[in-house]
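The values are calculated or read from the model by the stated rules, or taken from the named source; none is laboratory data. Because the structure is a prediction, the values reported are computed rather than measured. Neighbour counts are summed over all protein chains in view; Cβ atoms, including those assigned to glycine, are modelled from backbone coordinates with ideal geometry.
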Amino acid sequence: MERKEFLKKGFTAALSMAAITPMMKACSKSVSDTNSSASGSDSSDDDSCTVSPEETAGPFPTHTPSSLVASDITSDRKGVPLVIKVTINNSNASCAALAGAIVDIWHCDADGNYSEYGGTQMQTTNYTSVHFLRGRQTTNASGLVTFTSIFPGWYSGRAPHIHVHVYSADGSSLLVTQIAFPTDVCNTVYTTATTYYTKGKQDTSNTQDSVFADSLEYELATVEGDITNGYTLTHLITVAA
């Protein structure tokens with residue numbers, strides 16, 4: 001069964017409630033304030049400073065993120081190069097940069113598969129023993145973390161995305177959120193880059209996505225570059241630290 005079908009049917013009644021409860025929680029949207037500066041603009045230009053949207057960690061969170069401290073998370077995955085630059089601000093300090101925050105990210109590969117999972121209805125390909133496209137970094141004095149990765153692919157039922165979990169310096173969870181990609185960039189990558197084009201464009205747009213539909217303004221990243229030289233993603237996330 002494809003993920004899209006799995007999601008559309010609301011996790012069919014054939015599954016027991018014990019089995020579906022974690023997945024329903026994982027695929028539902030959390031309730032949170034939204035950040036008027038989270039789309040990547042300078043927070044000083046905004047009238048408010050509230051936390052970025054809280055989202056699900058999804059069905060495929062990193063099992064042991066503390067063991068995956070790395071800036072280059074590409075591993076053996078093939079795809080268009082992507083540099084990911086995420087800045088963390090603190091709403092409790094007038095949106096000043098938050099130094100020393102721990103930032104975990106994870107996303108699927110060009111085929112739409114996640115490491116650390118597989119062999120199930122949700123993902124038939126088994127990657128349970130590998131850890132590609134997952135990593136952890138600590139923000140610098142400017143609140144910035146930088147990762148080297150590849151442009152994520154897509155899978156049925158979701159728009160292309162990156163998962164982010166932000167912790168305080170002492171390891172307390174501050175925010176779980178997600179990052180969306182501009183449609184025009186995705187269309188270019190998925191229809192022209194050889195690693196991706198056999199699947200074509202994603203089947204779920206940002207505005208149709210169950211996570212981004214009501215918060216895209218705050219979760220849409222800025223992505224610049226090209227197929228030949230790769231892309232750079234920049235995004236601002238505000239937490240209450």
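Cβ-Cβ below 8 Å, separation at least six or inter-chain, first residue in segment 169-198 and more than 24 Å from ALA213 (Cα to Cα), second buried (at least 18 other Cβ atoms within 10 Å of the Cβ) and among the aromatic types (Phe, Trp, Tyr): which pairs?
SER173/TYR167; ALA193/PHE151; TYR196/PHE151; TYR196/TYR190; TYR197/TYR190
Output the residues belonging to segment 68-104 that are without any contact (Cβ under 8 Å) to a residue 60 or more places away in the chain and not in a loop (DSSP other than H, G, I, E, B). Please lay out each step first, then the result.
Let us first name the residues in segment 68-104 that are without any contact (Cβ under 8 Å) to a residue 60 or more places away in the chain, namely 75-76, 94, 96-97, 99.
Correct list: ALA96, ALA97.
Among the numbered criteria (1) under 22 Å from THR56 (Cβ atoms); (2) modelled with pLDDT of 95 or more; (3) touching a Pro at 6+ places or on another chain (Cβ under 8 Å), which single criterion is violated by GLN123?
Failing condition for GLN123: (3).
For a quick check of your reading of the model, give me the residue pairs whose first member lies in segment 217-241 and is of a type in the set (Asp, Glu), whose second is at pLDDT below 95 and surrounded by 16 or more Cβ atoms within 10 Å (Cβ to Cβ), with beta-carbon atoms closer than 7 Å and at least 6 apart or on different chains.
That search, which allows pairs on different chains as well, returns GLU217/SER39; GLU219/ALA38.
Out of THR188, THR194, I need the residue that is β-branched (Val, Ile, Thr), at pLDDT 95 or above and farther than 20 Å from PHE60 by Cα. Which one?
On the way: THR194 fails: at pLDDT 95 or above.
Just one listed residue meets the conditions, THR188.
Among THR56, THR74, which is of a type in the set (S, T, N, Q) and over 13 Å from the mean Cα position of the chain (by Cα)?
Numbers: THR56 fails: over 13 Å from the mean Cα position of the chain (by Cα).
None of the other options fit; the residue is THR74.
Condition check ((1) farther than 26 Å from ASP209 by Cα; (2) in contact with a Leu (Cβ under 8 Å, 6 or more places away or on another chain); (3) surrounded by fewer than 18 Cβ atoms within 10 Å (Cβ to Cβ)) across all residues:
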{"site": "LYS78", "(1), (2), (3)": "no, no, yes"}
{"site": "ALA93", "(1), (2), (3)": "yes, no, yes"}
{"site": "GLY100", "(1), (2), (3)": "yes, no, yes"}
{"site": "CYS108", "(1), (2), (3)": "no, yes, no"}
{"site": "GLY112", "(1), (2), (3)": "no, no, no"}
{"site": "ALA141", "(1), (2), (3)": "yes, no, yes"}
{"site": "PHE151", "(1), (2), (3)": "no, yes, no"}
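Among the residues of segment 202-226, write down those that are among the hydrophobic types (A, V, I, L, M, F, W, C) and either surrounded by 15 or more Cβ atoms within 10 Å (Cβ to Cβ) or closer than 30 Å to ALA169 by Cβ (or both).
Our first condition is that a residue be among the hydrophobic types (A, V, I, L, M, F, W, C); within segment 202-226, this holds for 211-213, 216, 220-221, 223.
The answer is VAL211, PHE212, LEU216, LEU220, ALA221, VAL223.
Checking LYS199 against (1) modelled with pLDDT of 95 or more; (2) under 15 Å from VAL80 (Cβ atoms); (3) surrounded by 14 or more Cβ atoms within 10 Å (Cβ to Cβ): exactly one of these is not met. Which one?
Going through (1) modelled with pLDDT of 95 or more; (2) under 15 Å from VAL80 (Cβ atoms); (3) surrounded by 14 or more Cβ atoms within 10 Å (Cβ to Cβ) one by one, LYS199 breaks only (1).
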